[in-house]
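The numbers here are math on the coordinates, done by the rules we state, and not lab data. Note that the structure is a prediction, hence the values are computed from the model and not measured. All Cβ positions, glycine included, derive from the backbone under ideal geometry; neighbour counts span all protein chains shown.
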Amino acid sequence: VQQVFWDDEEEEEENTKASKSIGDLPVDGGGTVGRERTGATTHLFAELHFCAKKGDVIRCWALVNRTQVPVNARTTNGTTALHFAAWEGQVETINVLVALGAQLDCRTHGGYTPLHCAAAANHVGAIRELVRVQADINVREARSGASPLHWAAREGHCEAIDALTLAKARVDFPDNNRNTPLMYAARHAKTDAVALLLSCGASLEAVNGDGRSALFHAAEAGATDTALRLVTEGADVAQRQEYGRSAADLAETKGYAETARVLRERLRQRDLEAGGIKIERTGSARRGQIDDLFTWETQRKKEEGPRIDDVVGQGRRRRKAVVAGIGEDPNQRAAGEGIRDAVSRLAGA
C-alpha cells in the first residue's frame with residue numbers, strides 16, 4: 001500500500017481553503033490514508049473524484065468495479081465522489097455512484113452532504129435525483145445545523161428553493177440558532193428568494209435565538225429593498241427586540257442610514273394610514289415622500305382655509321372651554337362659573 005505523508009501546517013492550510021467553498025476543494029490526496037486502505041493509489045482516488053466531477057460515468061464504474069477504488073473514498077477534507085457529482089450537477093453520475101454504494105448522508109469535514117452541494121450550486125436535476133434515491137431533504141449541516149433549503153436561500157437560488165419545497169422541505173426549518181431559510185435570504189439580501197419563501201408559507205413572525213426576525217436580519221445587513229419587501233408582505237416595522245431596539249435602530253447602529261430612514265418612513269406611513277390618509281406605493285420608497293405629504297397638507301390648509309370639520313371641532317373645543325371655565329377671556333371664565341352654578345342648583349333641586 002502506498003503511503004502518503006504531508007506536513008501538518010500544509011494540511012491545516014489546505015482544509016481551511018477547502019472549507020470556504022466546495023468549488024475550491026482539491027481533487028488529490030488522502031486516498032490511502034485513514035480507514036479505507038486498499039491496494040489502489042492516491043492517483044486513482046484523485047481520478048475517481050475527477051471523473052465524477054466531469055460526469056464520466058463509464059470511467060467511474062470501471063474504477064470502482066475493476067480497479068477496486070472505494071466508491072466512498074475521500075479527499076483530505078472528507079469530500080467524496082458523490083459530493084463532486086452533486087456540485088457539478090452530474091445526474092447520471094449520481095445515479096451510478098449511488099447504485100455502486102455511495103453514501104447519501106456522507107459528510108465532509110465541514111459537515112455538509114451532497115444534497116447541500118446540489119442546493120448551493122442550484123442544480124435542480126441533482127436535487128431531484130438525490131431526493132428520488134431517498135436522500136434526507138431536511139438533513140442538517142454538522143456545524144450550523146442548516147438544511148439544504150438554508151443553503152439555497154442564502155445563495156438566492158429560486159429554482160433550487162422551488163425544487164426543495166416541492167419535495168416537502170420544511171420552509172421554517174430552524175438551524176442550531178433557530179434561524180429559518182427566510183432569515184438566511186433576508187440576511188444576504190436575496191429579495192426574490194424572500195418573495196418565493198413567503199409564497200411557500202414562510203413565517204414573518206419567527207425569531208431566532210437572539211430574538212431577531214427576518215426584518216431585523218435585513219436591517220442589520222443594510223438590505224433596503226429586501227426590508228421593504230418584508231414590510232410590504234406584512235412584517236411589523238414597529239416590532240422591537242427584548243431590549244427595545246427596532247429594526248431601524250439596528251440598521252442605524254450598523255451604519256446603514258438609508259435603510260434606517262426608509263424603515264422609519266414606513267412607520268410614519270403606517271401612522272398616517274391609521275389616521276385615514278392613504279399613500280400609494282409601487283416600489284421602493286422615494287426619499288422624503290412622507291415629509292412632502294406633511295408639507296403639502298400644511299400648505300393646503302393655509303391656501304384653502306380650515307375645513308368644515310376643523311371649524312366644528314374648534315367650536316366644540318370652545319364650548320367645552322367655556323363650560324369648564326378655562327378660556328383665556330375673563331368673560332368666558334365668568335360665564336363658565338355661572339353655568340356650573342346653574343347646573344349645581346338644578347342637581348340639588
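Quick notes
- Residues located in region 207-248, provided they are surrounded by fewer than 17 Cβ atoms within 10 Å (Cβ to Cβ) and either in contact with a strand residue (DSSP E or B) (Cβ under 9 Å, 6 or more places away or on another chain) or of a type in the set (Gly, Ala, Ser) (or both): Gly209, Gly211, Gly234, Ala238, Gln239, Arg240, Gly244
- Filtered residue count, region 165-211, keeping only those that are closer than 25 Å to Arg261 by Cβ, among the charged types (D, E, K, R) and over 11 Å from the mean Cα position of the chain (by Cα): 2
- Hey, Ala146 surrounded by 24 or more Cβ atoms within 10 Å (Cβ to Cβ) and either small (Gly, Ala, Ser) or free of Cβ contacts under 8 Å to residues at least 24 places away in the same chain (or both) or not: yes
- Subset of region 156-174 that is surrounded by fewer than 21 Cβ atoms within 10 Å (Cβ to Cβ) and in contact with a helix residue (DSSP H, G or I) (Cβ under 6 Å, 6 or more places away or on another chain) - its residue that is nearest to Ser199 (Cα to Cα): Cys158
- Candidates Ser246, Ser213, Ser203 - the one that is polar (S, T, N, Q), more than 25 Å from Arg128 (Cα to Cα) and without any contact (Cβ under 8 Å) to a residue 24 or more places away in the chain: Ser246
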